[in-house]
Structures are given as C-alpha cells and as structure tokens.
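Coordinate-derived values only; no laboratory data. Predicted, not measured: the structure shown is a model, and the values here were computed from it. FYI the Cβ positions are ideal-geometry reconstructions off the backbone, even for glycines, and counts take in every protein chain you see.
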Amino acid sequence: MASSKATEYRWFFPADTRDKVSAHFTAGEYRQKNKPNEPWPINMLLAEWLEKLRVAAGGPIRITSGYRSPAYNRKIGGASKSKHMLGCAVDITCTVMNTWALAQAAYKVGFRRIGISPGFVHLDTAEGEAMWIYDRGPKSRWRKQIIRGASNAEIMDISGQ
Ligand SMILES: [Zn+2]
C-alpha cells in the first residue's frame, strides 16, 4: 500500500507568484488569498501529484485554498491542525470532473488523504491514509466526517485498477 511521505520531499519557497511550480501551476496559485508578504511554503510532493492530477483530468484545476498562515487559517475557521498551514494541502475544483470523479482521480495519482465536499476536494500529503466528507456545522463552518471501516480503495471502489 502506498503511503504519503511529504516529509521526504523538500519544501519550495517561491520568490515570486509567477514562479513555475509545475507545467500547469504557478506559485501564486498556492498562496493564501489575502496575499501576505511572508513567503509561503509549497510541498513538492503536493506539487508533483497535483500536476499529475491536472494531466489526468485533462482540464483546468483551480486551487481555491492553498497555503494558509496560522492567523489566516484561524480567521477563516480552518481546522486547528490544518495541513494548509504546512503548505502540503490544497482545496481544488475542476470544471471537467465532478467532485467524486476528481477524488477518484486524485487517489489514482497517489493522494491518500482526501476530503470531499459538494463544491471542492481537499487533498494533502501528510502521513497516513484518511477519507472524509465535509458538511456544514454550526455557523456554517465546514465539519469533517471521517469515513471509517474501509480502506480508501474500498471506499472509492477502485481496488485493483
Ligand atoms: Zn482543505
């Protein structure tokens, strides 16, 4: 079973939002939306798998949330241990795939930590394997509901593919 090993990969600290991270993504796309002056880390395993996913999707993938500073993460109500603060997580949308198909494609390129909401897919390269569904909790905050009792491959029904 493959596992995510983000820590074996280096982090890239871009100098400019226009820096190319991979064929289809620039550094600015990974940056948090309130445009801080501080540098933002990009995990290179995340970048590698996201590029593979973009190629597999065959259409545009938009990063709706990439790196978040701890202060920004708090402000928008992110999880207290959000992987977005480590630069190894993205929330994405794709115009040519529904969220379920996008999650399946993400699994196939290597992602093992996958969160699915009606409007976006969360992917990160932290250690381990987990899948969850987001729903809206109190104050309309996203809440993680972990899917338990099966491997990601079983959940996605793509074992052996
Ligand atoms: Zn996320």
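Length gained on full extension, residue 79 to residue 64, computed as 0.36 nm times the residue gap minus the Cα-Cα distance: 3.8 nm. Got a sec? How would 148, 112 order by Cβ neighbour count within 10 Å, fewest to most? If I rank by nearby Cβ atoms, fewest first, I get 148, 112. Note on the chain: dipole from Cβ charges, positive end direction compared against 155, 117, 104; the farthest Cα belongs to 117.
Which stretch or stretches of the stretch 43-69 have amide N atoms under 12 Å from the point lying 7 Å from residue 147's Cα along the Cα→Cβ direction? It comes to no residues whatsoever. Cβ crowding within 10 Å ranks 76, 61 as 76, 61, fewest other Cβ atoms first. For residue 154 and residue 117, what is the calculated FRET efficiency with R₀ set at 30 Å and r taken between the beta-carbons, to the nearest 0.05? Result of the calculation: an efficiency of 0.90. Backbone N atoms of the stretch 53-81 closer than 12 Å to the 7 Å Cα→Cβ label point of residue 33 belong to residues 63-66, 76-77.
Counting charges near residue 94 (Lys, Arg +1; Asp, Glu -1) among other residues having Cβ under 11 Å from its Cβ returns a value of +2. For residue 56, the shell of other residues with beta-carbons less than 14 Å away shows a net charge of +1, using +1 for Lys and Arg and -1 for Asp and Glu. In this structure, the residue pairs whose Cα-Cα separation is over 18 Å, taken from 33/108; 81/144; 20/52; 52/108; 75/139, are 33/108.
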